[in-house]
1. What is the angle, in °, between the Cα long axis of helix 96-109 and the longest principal axis of the Cα atoms in the chain? Nearest 10 is fine, range 0 to 90.
2. Taking only Cα atoms, what is the 0 to 90° angle, nearest 10, from helix 167-180's long axis to the longest principal axis of the chain?
3. Counting other beta carbons within 10 Å of each Cβ, put LYS164, LYS89, LYS71 in order, fewest first.
4. Output the relative contact order of region 83-217, whole-number percent, from Cα pairs under 8 angstrom with separation of 6+ residues.
5. If amide H atoms are built 1.01 Å from N in the plane of the peptide, which residues on other chains or at least 5 residues away come under 5 Å of the amide H of PHE216?
6. Rounded, prolate or oblate, given the Cα gyration tensor of region 221-301, with a/c below 1.5 counting as rounded?
7. For each pair in LYS56/LYS89; LYS60/LYS226; LYS176/LYS207, compute the distance between the two Cα atoms and list the pairs where it is over 18 Å.
8. Can you classify region 83-217 as rounded, prolate or oblate using the Cα gyration tensor, where a ≥ b ≥ c are the square roots of its eigenvalues, rounded means a/c under 1.5, and otherwise it's prolate if a/b beats b/c and oblate if not?
Amino acid sequence: MDTQKQRNKNGQINIILQDKQLAQPNRNSKLRNETNNPFSHIDAAFSSFIGMEELKETIKEVYATIVINGKRNEMGLPGSNQVLHMLFKGNPGTGKTTVARKLAQMYFDMNLLSKGHFIEAERADLVGEYIGQTAQKTRSVIQKAMGGILFVDEAYSLARGGEKDFGKEAIDTLVKHMEDHHNDFVLILAGYPYEMDRFLTLNPGLKSRFPFILDFEDYDIDELTKIAKQMVQEREYELTKEAEWKLRTHLYKKKRETSTNFSNARFIRNVIEQSIRNHAVRLLNQEAFSPDDLIFLTGDDLTFDDQ
Ligand SMILES: Nc1ncnc2c1ncn2[C@@H]1O[C@H](COP(=O)(O)OP(=O)(O)O)[C@@H](O)[C@H]1O
Ligand SMILES: [Mg+2]
């Protein structure tokens, strides 16, 4: 049993006896049992993401705020109501969709969302063709996303047609619902950095509704190499030194040539998946192969043709 002092709104002190075990909701017990590092579950959830340091820090801030708010409420102190809507700015393949999916699960574990599912929508899912249809379509998508995360990719496409376009109605409907239901619905708008900035300039009221604006930076060569090695390991293969070198050399070249349409970690995933197919064909064409042959992707297996 634990003794706790609580101050109520009139400034009186209440002494509360509570059994710690019983007082904790089941779903949170895992989060609260952490003693050494209160953020270890966040580190664990994001351990497979290379880089993304800023994002990890932001998630820790959200988590800490929620826990401390809860403690403050227990003491009769006011806690700020955490709004969780977010903007993700980043080029293709920088991890926006993957992170949003992860957050849905994490917010469920943190008791911030009742279902923790993930709904992805684009312009065509939200915008109708005639008057009145858009609000209805958007509302029905929001309804499906209740208790989870609604992720709108290429959000600026909602504003592409100007004042008369129905996209504006979709934005207004989203905004209305993010105010009304911010306790059990998280909206994430995502897209290319430049277009997202322009979108916010065209809709000046929007920015203040998103307390979290996260930049997903392009990965550098070291990060891309780490991502490649990790993807290879997850599939229980390995890169030979030569293959790794070939990949790095190609990445240097690629980064110099194209700055805009390089798809970061998605490019890496495609290369690895293609290499695994090349490797399979190469081995089958060989007369014999060793256990090592089955594991190692060589320089020859790495091809970059269609990328
Ligand atoms: N930091 C990272 N570490 C490991 N894999 C990553 C990372 N960022 C992205 N990926 C992988 O790259 C691929 C593309 O990511 P995705 O989330 O679809 O990017 P985006 O939505 O920004 O276009 C996915 O397979 C994802 O798992
Ligand atoms: Mg995506």
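1. Once rounded, one gets 40 degrees.
2. With rounding to tens, the tilt is 50 degrees.
3. Details: LYS164 7, LYS89 22, LYS71 11.
Starting with the residue having the fewest Cβ neighbours, the order is LYS164, LYS71, LYS89.
4. Result for region 83-217 is 40 percent.
5. LYS89, GLY90
6. Prolate shape, in that a/c is at least 1.5 and a/b is the bigger ratio.
7. Details: LYS56/LYS89 16 Å; LYS60/LYS226 24 Å; LYS176/LYS207 14 Å.
Violating the 18 Å Cα-Cα cut-off are LYS60/LYS226.
8. Oblate, since a/c reaches 1.5 and b/c is not below a/b.
None of the figures in this text is laboratory data; all of them are computed from the coordinates on show. Values in this document were obtained by computation on a predicted structure and should not be read as measured data. Note: ideal-geometry Cβ built from the backbone for every residue, glycine included; neighbour counts use all protein chains shown.
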